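Participant: Okay, handing you the structure first.
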Amino acid sequence: MASTSSSSSSKPPPPASSSSNPPPAVGNADGIAQTCWVKFRDEAIFALYTPLIVSLASGKLKVETFRHCIAQDVYFLELFATAFEFAEAYVLDNEAKDGIKELRKITRKKIQCVAREWRSDLIRDDATPNPATTKCTNFFLAITSGKIDGIKPSEKTKLAAYILGAITSCIRLNAYIGKEVRELFCEHETNHRYKKWIESYSSDSFQDFCLQTEKLLDKLSVALTVEELGIIERLYSQGIKQEIEFFLAQPVIEKAIVPLSGEHNLEERRLMIFSNFDLTCTCVDSGSTLADLTIETAPESDQIPIENQFARMTLSALRDNWKVIANKYRDGLEQCIEKLLLATEKAEKLNYEGLRKALEQVSDFEKEANLRVIESGVLKGLKLEDIREAGELLELQDGCMNFFQTIKKKNADVHVISYCWCGYYLIRSVFLTGGIDDLKVHANELEFEESLSTGGIMMKVQSPIDKVEAFDKILLESSGEGNDKKKAVSVYIGDAVGDLLCLLKADVGIVLAPIESLISVASHFGVKFVPLFTGVVKKQRECVEVEGADSSSTWKGLSGILYTASSWAEIHAFVFGS
């Protein structure tokens with residue numbers, strides 16, 4: 001059945017009134033620095049997944065690369081010091097002027113520290129800025145001189161805020177990367193090759209430096225208009241992008257495991273992306289969307305069927321029926337999962353066959369629940385055009401559409417495997433709004449007569465077993481297309497119990513914000529959960545240590561490990577890069 005957020009795999013939709021509300025937006029009360037970081041944090045994730053940072057975090061980055069990076073980093077620090085000098089000259093408030101002066105002093109001390117720690121054995125005196133560093137230099141010089149769109153050079157006091165907006169993004173990004181990498185290297189080893197660098201950017205002193213910069217940005221921005229705050233947001237985003245370009249420009253010598261799509265030998269391998277739909281791609285489940293649609297278009301009183309039309313339930317009858325269906329499903333699924341967990345012993349290692357057998361009980365339950373929906377007639381009389389329109393308005397998770405649009409640009413194979421009751425018209429309508437017209441959808445389908453739903457459903461994918469059988473069939477057919485014998489490297493993205501078998505069989509199984517029932521069932525059968533970035537760094541270490549290893553082949557299905565991701569942006573960064 002179509003899934004909802006409160007179930008482990010799927011659930012009939014409740015009425016519209018039960019849909020969860022989106023989280024409130026961050027307001028100006030939080031300050032422009034925090035507002036910008038929340039707004040552009042997904043962009044920062046792309047920096048974390050660059051070959052340079054992943055290789056550095058693994059401890060396997062070549063010294064030659066690190067030497068070059070440190071030399072370029074000195075140019076960055078000099079640039080920040082110069083920018084602070086301009087900002088100090090522009091600002092009129094004495095307290096703010098003193099604050100900027102302190103930031104400039106800290107930056108100068110940082111340059112001296114880098115020189116003391118690294119110059120003797122890593123930094124070449126004859127190093128020159130690379131194109132990415134030069135581009136960043138030009139970006140900051142354009143801000144300090146007021147030569148960017150939306151800024152008037154005569155408004156000197158505002159230039160200080162704009163300069164701080166761009167610098168703050170870079171400092172916050174480095175503080176973020178330092179903390180993320182520090183957590184990993186503390187877990188794995190204390191004798192890390194680049195321990196000093198990691199400690200420098202993850203230290204309390206650098207985090208405090210970042211907070212000082214953000215507080216000054218907030219202070220200088222208090223009197224700015226909405227339009228002027230928009231300029232700061234734009235410069236903040238551009239600052240992060242400049243930093244990412246800097247990371248990407250570093251000459252990483254060793255084989256990098258990211259982005260996943262970039263490491264495939266296209267003569268021998270092909271990337272295949274699989275995804276669940278409900279609540280993996282969407283903010284609300286498609287079943288709830290169809291339920292809401294039946295209620296929104298329901299007649300107020302009994303309808304007499306005319307020729308070529310199906311009688312519709314009244315509004316009150318639909319609400320009552322959906323409530324009964326949803327309650328039976330929710331309670332029944334909870335009992336089903338409790339029963340299968342009690343009936344089997346907890347495994348220390350992956351017990352895939354035991355999990356598959358246990359999920360047969362869930363499959364039987366799902367089929368009974370779907371039959372209940374058909375027999376109730378709640379979907380009868382829905383108009384095809386209304387379903388298409390509902391699909392066009394269905395909200396996707398942040399970053400999801402961009403990910404699928406990138407897949408299209410990369411010409412990678414992509415398949416959506418879903419319990420959705422109306423795959424062709426609903427799911428396709430969702431992605432058509434983003435220009436994606438070649439999506440391969442494997443789902444159930446509503447039955448229609450002259451553009452009206454009969455209330456029946458052509459069942460194709462009802463259960464975890466159906467999903468994994470569809471997954472296996474797609475991979476088998478893909479390996480035999482014409483003369484193309486390329487080995488598939490499969491990525492499956494899901495979030496619920498119904499996705500577990502596919503997640504485990506894929507070379508890379510990524511769980512997007514896993515729900516409690518998925519974790520409990522998977523853990524019971526020996527599945528381990530690892531944060532995606534942690535897994536990537538570990539794989540990078542393994543790839544470098546095994547001479548001649550193909551980085552893409554380090555990912556193998558049925559390993560018993562699933563990778564958790566916080567957002568579609570993180571998945572995008574891992575698979576395709578920036």
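Taken together, the values in this text are just the output of simple stated rules run on the coordinates, not laboratory data. Fair warning: this is a prediction, and the values are worked out from it, not measured in the lab. We place every Cβ from the backbone using ideal geometry, glycine too, and count neighbours over all the protein chains shown.
Participant: Just to confirm the number: angle between the C-alpha axis of helix 532-545 and the first principal axis of the chain, 0 to 90 degrees, nearest 10?
Facilitator: Around 70 degrees separate the two axes.
Participant: Considering only VAL91, ALA358, SER517, whose Cα is most displaced toward the positive end of the charge dipole of the chain, charges sitting on Cβ of Lys, Arg (+1) and Asp, Glu (-1)?
Facilitator: VAL91
Participant: How large is the dipole of segment 438-578 about the Cα centre if only Lys and Arg carry +1 and Asp and Glu carry -1, each at its Cβ, rounded to the nearest 20 debye? Please report the intermediate quantities before stating the final value.
Facilitator: Details: 13 positive and 20 negative charges, 133 e Å.
For this selection, approximately 640 debye.
Participant: Nearest 10 degrees is fine. How inclined is helix 464-479 to the longest principal axis of the chain, computing both from alpha carbons?
Facilitator: 70
Participant: While we're looking at this one, here's another question. Could you pull out which residues in segment 65-86 have an amide N less than 19 Å from a spot 7 Å beyond the Cα of GLN112, following the Cα-Cβ vector?
Facilitator: 74-85
Participant: While we're on this one: Amide H neighbours of ALA506 under 5 Å, at least 5 residues apart or on other chains, H built in the peptide plane: list them.
Facilitator: Those lying under 5 Å, H to H, from ALA506 are LEU558.
Participant: Here's another thing I want to ask about it. Sorted by average packing, counted as other Cβ atoms within 10 angstrom per residue and highest first, what order do 359-368, 486-495 take? Walk me through the numbers before you get to the answer.
Facilitator: Working: 359-368: 18.8, 486-495: 23.1.
So the order, starting with the most tightly packed, is 486-495, 359-368.
Participant: Here's another thing I want to ask about it. Once both axes come from the Cα atoms, what is the angle between helix 400-410 and the longest principal axis of the chain, in degrees from 0 to 90, rounded to 10?
Facilitator: With both axes taken from Cα atoms, the answer is about 80 degrees.
Participant: Further question on the same structure: Under a cut-off of 23 Å between alpha-carbon atoms, report the lysines in cross-link reach of LYS156, not counting same-chain residues fewer than 8 places apart.
Facilitator: LYS156 reaches LYS97, LYS101, LYS105, LYS147, LYS215, LYS219.
Participant: Pull up the cross-link candidates among the lysines for LYS539, meaning alpha carbon to alpha carbon under 22 Å and not fewer than 8 places away within one chain.
Facilitator: Within the straight-line cut-off, LYS539 pairs with LYS60, LYS62, LYS179, LYS195, LYS255, LYS349, LYS487, LYS505, LYS528, LYS556.
Participant: Counting only helical runs of four or more DSSP H residues, what would the 222 nm mean residue ellipticity of the chain come to if each run contributes -39,500 (n - 2.57) and the total is spread over all its residues? Intermediate values should be presented prior to the final figure.
Facilitator: Details: 20 runs with 318 residues, N = 578.
My calculation for the chain gives -18000 deg cm²/dmol from helical runs alone.
Participant: Something else: When the Karplus curve 6.51 cos²θ - 1.76 cosθ + 1.60 is applied with θ = phi - 60°, which whole-Hz ³J(HN,Hα) does each residue of segment 57-74 get, with x for Gly and Pro?
Facilitator: In residue order, the calculated couplings are 4, 6, x, 10, 5, 5, 4, 4, 5, 5, 4, 5, 5, 5, 4, 5, 5, 4 Hz.
Participant: What order do you get for ASP438, ASP386 when you list them from fewest to most C-beta neighbours inside 10 Å? Please report the intermediate quantities before stating the final value.
Facilitator: On the way: ASP438 10, ASP386 16.
Listed from fewest to most nearby Cβ atoms, that is ASP438, ASP386.
Participant: Roughly how many debye, to the nearest 20, is the charge dipole of segment 220-286 about its Cα centre, given +1 on each Lys and Arg Cβ, -1 on each Asp and Glu Cβ, and no other charges? Don't skip to the end; give the middle numbers.
Facilitator: Numbers: 5 positive and 11 negative charges, 31 e Å.
Roughly 140 debye, rounded to the nearest 20.
Participant: So for the chain, Kirkwood radius off the Cα pairs, Stokes-Einstein at 37 °C and 0.692 mPa s: how many µm² s⁻¹?
Facilitator: Details: Rh = 26.4 Å.
Result for D is 124 µm²/s.
Participant: What ³J(HN,Hα) values, in whole Hz, does the Karplus curve 6.51 cos²θ - 1.76 cosθ + 1.60 give for segment 172-182 when θ = phi - 60°, with x put for Gly and Pro?
Facilitator: Calculated HN-Hα couplings, in order: 4, 4, 5, 5, 4, 4, x, 5, 5, 6, 4 Hz.
Participant: Set Lys and Arg Cβ to +1 and Asp and Glu Cβ to -1, take the dipole of segment 35-253 about its Cα centre, and tell me which of THR225, VAL252, ILE177 lies farthest positive.
Facilitator: Of the listed residues, the answer is VAL252.
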